[in-house]
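Below is one structure; the comments refer to it alone.
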Amino acid sequence: MKIGFLFPGQGSQAVGMGKDIYEEYKIAKDVYDRVQELTRIDVKKISFGGPEEILNETKYTQIAILTMSLAILTILKENNIKAEVSAGLSLGEYSALIYSNAISFDEGVKLVQKRGEYMQNLLPKGDFQMAAVMGMSDEDVEEVCKKVKSGFVVPANYNSPGQVVISGEKEAVLEAESIAKEAGAKKVRILKTSGPFHTEKLIESANSLKKELEKVKINSFNSKVIKNLDGMEYTNSDDVRDILAKHIINPVRFSKTLENMLKDGIDTFIEIGPGKTLSGFVKRMNTDKKINILNINNVKDLKETINFIKKEGNVDE
């Protein structure tokens, strides 16, 4: 068994997420308490009680999702469950970098707090939207975006074969939806995000984050991390700070990320955090080999995952 951890990004949040894990495990409580101490944000209150419109604010969403993922990681670590490779979708890449020790817990939390604030507060003026286009190839979605006449829209997330997220001005996204459906898209779903993420429109956020990143110490990786920017593994020669700044204004290559994890021999994927979105992406990957796909977003899932991994004999007791 070769384990890969996957960490979700913005859009996977839901009021109540992480509450039962927080109540069941003291080490999870310690993570929430530490994040609150570092950020002065009441992550528990926002995550467990909402309201939804507050949780969905980018400056709170990102830190709430990160905290839940890090809390679950501490429990897996206590049970000696480790990944050889990890990756995250957009925001989730920070969880992977903290897991690999490339960025420390404290600095990673503070970075994500700043990232969320910049991505919320430094948006350009206008109405923006993101939408997932299902049932079309990457190239076809790119062509759809090129045909739009009413404004700015581009591919932002290459999630899995047959699913690409587009991002841009609201009117342009709606026009792209119409063109895509006429061209044979199975479905177009509007996402609960609040900005033109992973496009050039967030250049001001990227520049501000770059200044924060310059203050952060980057450590040697103690496990492999696949980056969103190109779907390839981070190397010791990579400029992590520059990559994370570019991350905000470039498309997420998540299907390429999963493809390379499979090539690396990962046969057990564990999604750590709210939702099951990334597990769905793994299921859509073209592979002949048998793979295990596990989710951890509540106590029941957590215990079942720990028992499954221990039963398979991949844990040093």
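The values are calculated or read from the model by the stated rules, or taken from the named source; none is laboratory data. Here the structure is a predicted model, which is why all the values come from computation and not from measurement. Neighbour counts are summed over all protein chains in view; Cβ atoms, including those assigned to glycine, are modelled from backbone coordinates with ideal geometry.
Miscellaneous remarks
- Residue within the range 187-210 that is without any contact (Cβ under 8 Å) to a residue 24 or more places away in the chain and farther than 30 Å from residue 174 by Cα present: no
- The range 91-139, residues that are modelled with pLDDT under 95 and of a type outside the set (A, V, I, L, M, F, W, C): 120, 121, 124, 125, 126, 127, 129
- Test: residue in the range 108-126 that is over 30 Å from residue 239 (Cα atoms) and in contact (Cβ under 8 Å) with a residue 12 or more places away in the chain: yes
- For the range 250-275, the set of residues classified as part of a loop (DSSP other than H, G, I, E, B) and over 15 Å from the mean Cα position of the chain (by Cα) consists of 264, 265, 266, 267, listed by residue number.
- Being surrounded by 23 or more Cβ atoms within 10 Å (Cβ to Cβ) and touching a Ser or Thr at 6+ places or on another chain (Cβ under 6 Å) is a property that holds for residue 64.
- Qualifying residue in the range 153-167 (condition: surrounded by 17 or more Cβ atoms within 10 Å (Cβ to Cβ), modelled with pLDDT of 95 or more and assigned to a helix (DSSP H, G or I)): no
- In the range 94-132, the residue that is farthest from residue 63 (Cα to Cα) out of those that are of a type in the set (D, E, K, R) and out of contact with any helix residue (DSSP H, G or I) (no Cβ under 7 Å at 6 or more places or on another chain) is 125.
- The range 91-107, residues that are assigned to a helix (DSSP H, G or I) and either buried (at least 24 other Cβ atoms within 10 Å of the Cβ) or without any contact (Cβ under 8 Å) to a residue 40 or more places away in the chain (or both): 92, 93, 94, 95, 96, 97, 98, 99
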